[in-house]
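Heads up, the thing below is written out as structure tokens.
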Amino acid sequence: MSETCDGPGTGPGLGEGQGRGDIDVPRFVVGCGDDEQDMGQMEAGMRNEMYRDEEMEGDEDESPPERQIVVGICAMMKKSKSKPMTEILERLCKFDYINMVIFPEEVILEEPVEKWPLCDCLISFHSKGFPLDKAVEYAKLRNPLLINDLNMQYFIQDRREVYRILQEEGIDLPRYAVLNRDPDNPEECNLVEAEDHVEVNGEVFPKPFVEKPVCAEDHNVYIYYPTSAGGGSQRLFRKIGSRSSVYSPESSVRKTGSYIYEEFMPTDGTDVKVYTVGPDYAHAEARKSPALDGKVERDSEGKEIRYPVMLTAMEKLVARKVCLAFKQTVCGFDLLRANGHSYVCDVNGFSFVKNSMKYYDDCAKVLGNMVMRELAPQFHIPWSIPMEAEDIPIVPTTSGTMMELRCVIAIIRHGDRTPKQKMKMEVRHPLFFELFEKYGGYKSGKLKLKKPKQLQEVLDIARLLLVELVEHNDCEIEEKKSKLEQLKTVLEMYGHFSGINRKVQLTYLRNGQPKASSEEEDSKKDGPSLLLVLKWGGELTPAGRVQAEELGRAFRCMYPGGQGDYAGFPGCGLLRLHSTYRHDLKIYASDEGRVQMTAAAFAKGLLALEGELTPILVQMVKSANMNGLLDSDSDSLTDCQQKVKARLHEIMQKGQEFTQDDYQKLAPTGSPSLVNSMKVIQDPVKTCDKVYALIQSLNSQIRKRLEDPKSADLQLYHSETLELMLQRWSKLERDFRMKNGRYDISKIPDIYDCIKYDSQHNASLGLEDTLELFRLSRALADIVIPQEYGITKDEKLDIAQAYCVPLMKKIQLDLQRTHEDEAVNKLHPLYSRGIMSPGRHVRTRLYFTSESHVHSLLSVFRYGGLLDDEKDQQWKQAMDYLSAVNELNYMTQIVIMLYEDNNKEPSSEERFHVELHFSPGVKGCEDEENVPLGFGFRPASSENQDKKPNQGSLEDLSQDQPDQALPLSEAINIQRRSPMIRNRKTGSMEVLSETSPTQSSKGCTSHRLFPSCSRQSPEIKPASGLGFEGCSMVPSIYPLETLHNSLSLKQVDEFLNTVCASSSEAHAKTMKALSSLFDSQSQTSLYSPQQPLSSSGSEASLRPPSQPLWHGSIPSSAVSSAGPSSPITESSGLNFSFSE
């Protein structure tokens, strides 16, 4: 980011054309001035050549040398002889009037200051073992010009002083508190530690928070994670080899020593290091945050990988303030970019950038100019202050008719989990009402308890009531004993509480629970009660983690540039994009533990991280319980859903075979997957009878096993016991068949869930008839689950809108906002020769959620009228494919990709192009034979459909290849307008094609390739090694199928507008969700967007009529990459019309 007032392109040479002959100007020049003005855009690499030529000329007419300025270097030898120091001093010597003296270390340590060498200007700084007192004494004695003030260096060694100074200067820093401990009696201190927060001097810091020793030389900084993310702490330290931190299960803070406690800043896993040289020059670079996984990324020479970064105008101001406040000309400090702000979290004093030639040039030039400006007059040295030329940033444009990937949006269901279980009981005991009141339940009539402390209170009440029940067996206690026992058992289950796997919900019922026809007797009391719902299970399994991580790894291949030799693995294009800040990635997850863990595991695979998921979760995954963005209150069903459920139950409880009429009622959309399941079932009640009998048989088999001493303490998958398994199944047996002999259809998904889990993970038990139970419950579930989201198209749409309008608005914003990338952190173009096309930015938004949102979103795309399948052949095929998919399994993905064609007019509809892809997720147990075939990933578009015979008969390779680790085969790019296949430069990062090089399968095994092209490009080798190594139990994931690949952004945008607008009652909810989203995401509104975002009718009217909504961005060559001075802020007044 080295734009400076004293910019890198300037130097003693600038403006020196006037008097080069008569004055001998110092020749430490990078690029000669006159040229610099003409060719401001010249590559930095050519500059070095230039100043060699320049030294040749002008040597003839030198005047006699005036007195030299002596610059002394007084530091420990390790520092004064370091590579950066040597590089910079060599360049400083090129100033004709400057001589360097390095003070020998033994002189510094052993000689009195009177015997130290003389100098006019002193560069002196503290490091381990350096006698700062002596340096201060020397400065008093000789009074040289100080480059870095010495007294301030005492303050820099104490983090408390650093923070005090930063605060006085009005520089943003994390909220913090200082805990001073007296070493003699460490107990006396203002620290109160609770499970999920600490209180320091009365200030509360909820986890995650950071604990830093007050001494700046002590690098043992700890980060403590909340129990909801898995607890424990990350311990940072000075780099040792390739590690800079390690995860520890220890959750309690250190008890000796003084510390600063501060809130943890949610950056996106990168730290920015800033290096100033004087108040007007700062170089910034990014590196992976040491807290993420503690693995230091190194390049082929073993150096830590860092990338130059552009600072924003605000950040340049911060750099200036830090430099002046600490009186350190050469000063390094750390910036955290979080929530759209930049916070300073550490000031290190004197430090140089390592191995950046450009920085060495700049630094020497700025220092040399500074010394000359201060001292030349008193030494009567003729010295003209060079003029400044503003750096003109070079932004290479992309060429060719290829399109550039601009945005990837994916909505992904969580991975494999343990069966979800829940128990409901009505409670009336005063203790429950007290608890309800204590946590503010009366405000909304609902209460969720997830924190360990809260769950402990529920457990205490349950234990107390059970004791009372045993002691006096009177009927004062309404709560059923069996249910209280179950409550107690579940809460005691893991021996400790971790917020991820259990929760209790309490709902206030004004007149008690409506009496269900079956279970409850009529002896019920009236009056208010609470409905207590206990939920447990549903945790991500180890298999689920592997699925998510593998999918993340395969997902990298969706990004261009995955072919270079960078670090030698596929998908590195994405990693390079990410660490250079040109990948704007945000990962959102609903607040369920399994969803958050899936997101963290996916991020780990996507960004090639290592180690525990907790640190990744805390730093990379934003919890989006943004009022329904990804969470749905499954308990508050809409009226439409209640009606649909009632109709579903009625049809499924008829004791006769399905009639034609039933087919009409249950499957009005005529979807093959439904019809097939209905054919398997024939008579729903008989099928339920069979299922019930199979569950009974399963339970008796488990009981027999339990009596057998050999298998009594058998460990099942994920540390479940046979007892717990029996509890699961016997509860289903009890609940499925109600007292009146009818079946509770709403239990079918749970039965299918359990048998799916056991047949995958506990097959080794060898229980009989599990496959038959799997087959029948699956057929039932394939009807019940999708139809709970609506039976007719209208109902499906209605219910879908209730769930996912906030999410659709957010997707619409993500697509629109891709054009105004100004506020996103950019890479410094001058340094980025190793990284092709620094202008390119890809925005990725990943939303991890549960089944309900994935079903709903898919319903919206299918039934919301995006395209007319009568007129659009490709869409018709996609619809047929979707209606043949019978289950949206774990890791189902809906992916939207936005491309930009830079050759089209910015306002043309053809400039932005949207593709829609889908994968039904993980393969089930018995899937292979009846899988619906899609049309591959990114096929040739519909225009050529008619030219190719039988486009649908894609080869299915699944029969003859083993299912574990097929290499990913790459999809071949097919240009949209012609059936010809375009070859691709394999080695280059510069592949932008509108079908960016992608792996056909993004999942793990790719069964279906394009027959028309899979044999024709000899250049492309399959990227192997992304299968599941040795995880035989982890089912692979279906590859992405393209639903449509030639939508225009305008089409999609108008479609989303229509769908969102039509659901007016959800509108208010959305506004709430979006405004809370912007609070957390205000970064994007730092600069006004290039075009207003229309959220719904009312704001759309604000848009200037001249500017169509899909108006694109100006070609990147025209966008200045420095600061907000971009030519695109036509509508500057329209800053997010609805976030305010």
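Observations, loosely collected:
- Any chance G934 is open to solvent by 10 Å² or more (accessible area, probe 1.4 Å) and at pLDDT below 95: no
- Checking each residue in segment 211-251 for being part of a strand (DSSP E or B), more than 21 Å from I305 (Cα to Cα) and touching a residue at least 60 places away in the same chain (Cβ under 8 Å) picks out I223, Q234, Y247.
- Number of the exception - G741 against (1) small (G, A, S); (2) part of a helix (DSSP H, G or I); (3) without any contact (Cβ under 8 Å) to a residue 24 or more places away in the chain: (2)
- Qualifying residue in segment 949-960 (condition: surrounded by fewer than 17 Cβ atoms within 10 Å (Cβ to Cβ) and modelled with pLDDT of 75 or more): no
- When the residues of segment 346-359 are filtered to those that are surrounded by fewer than 22 Cβ atoms within 10 Å (Cβ to Cβ) and assigned to a helix (DSSP H, G or I), the one that is modelled with the highest pLDDT is M357.
- Test: K239 is in contact with a helix residue (DSSP H, G or I) (Cβ under 9 Å, 6 or more places away or on another chain) and either open to solvent by 60 Å² or more (accessible area, probe 1.4 Å) or over 11 Å from A291 (Cβ atoms) (or both): no
- Considering residues of segment 434-465 that are more than 25 Å from D196 (Cα to Cα) and at pLDDT 90 or above only, the residue least open to solvent (accessible area, probe 1.4 Å): L465
- Summed over segment 314-339, the residues that are out of contact with any Cys (no Cβ under 9 Å at 6 or more places or on another chain), closer than 23 Å to K586 by Cα and either free of Cβ contacts under 8 Å to residues at least 24 places away in the same chain or open to solvent by 20 Å² or more (accessible area, probe 1.4 Å) (or both) give a count of 3.
- Criterion violated by G538 - all others in (1) modelled with pLDDT under 90; (2) surrounded by 22 or more Cβ atoms within 10 Å (Cβ to Cβ); (3) within 20 Å of the chain's Cα centre (by Cα); (4) farther than 21 Å from A286 by Cα satisfied: (3)
- Residues being more than 25 Å from the chain's Cα centre (by Cα) and on the phi > 0 side of the Ramachandran plot - total across segment 254-283: 2
- When the test is whether a residue is farther than 16 Å from V210 by Cβ and in a strand (DSSP E or B), K255 does not pass it.
- For segment 172-188, a residue qualifies if it is open to solvent by less than 40 Å² (accessible area, probe 1.4 Å) and at pLDDT below 85, and exactly one does: P186.
- When residues of segment 390-419 are limited to those that are open to solvent by 20 Å² or more (accessible area, probe 1.4 Å) and aliphatic (A, V, I, L, M), the one modelled with the highest pLDDT: M402
- Residue count for segment 620-656, restricted to those that are at pLDDT 85 or above and either assigned to a loop (DSSP other than H, G, I, E, B) or over 30 Å from D683 (Cβ atoms) (or both): 6
- Of residues in segment 841-884 being without any contact (Cβ under 8 Å) to a residue 60 or more places away in the chain and not in a helix (DSSP H, G or I), the one surrounded by the most Cβ atoms within 10 Å (Cβ to Cβ): D869
- Lone unmet requirement of (1) surrounded by fewer than 20 Cβ atoms within 10 Å (Cβ to Cβ); (2) touching a Leu at 6+ places or on another chain (Cβ under 6 Å) for Q787: (1)
- Scan of segment 139-162 for residues that are assigned to a helix (DSSP H, G or I), open to solvent by less than 70 Å² (accessible area, probe 1.4 Å) and within 19 Å of T329 (Cα to Cα), ordered by number: A139, M152, Q153, I156, E161, V162
- Which numbered condition Q760 misses (of (1) under 33 Å from the mean Cα position of the chain (by Cα); (2) part of a helix (DSSP H, G or I); (3) at pLDDT 90 or above; (4) surrounded by 21 or more Cβ atoms within 10 Å (Cβ to Cβ)): (4)
- From the list L150, L122, L109, the one residue that fits, being touching a Cys at 6+ places or on another chain (Cβ under 7 Å) and within 30 Å of C93 (Cβ to Cβ), is L122.
- Qualifying residue in segment 546-563 (condition: touching a Lys or Arg at 6+ places or on another chain (Cβ under 9 Å), open to solvent by 10 Å² or more (accessible area, probe 1.4 Å), at pLDDT below 80 and in a loop (DSSP other than H, G, I, E, B)): yes
- Qualifying residue in segment 300-307 (condition: touching a residue at least 60 places away in the same chain (Cβ under 8 Å), open to solvent by less than 30 Å² (accessible area, probe 1.4 Å), farther than 19 Å from K604 by Cβ and assigned to a strand (DSSP E or B)): yes
The values are calculated or read from the model by the stated rules, or taken from the named source; none is laboratory data. None of these values were measured; they are calculated from a predicted model. Ideal geometry is used to build each Cβ from the backbone, glycine not excepted, and the neighbour counts take in all protein chains shown. Just the protein is used for accessible areas: all its heavy atoms, side chains included, with ligands, DNA and RNA removed. Shrake-Rupley method; radii C 1.70, N 1.55, O 1.52, S 1.80 Å.
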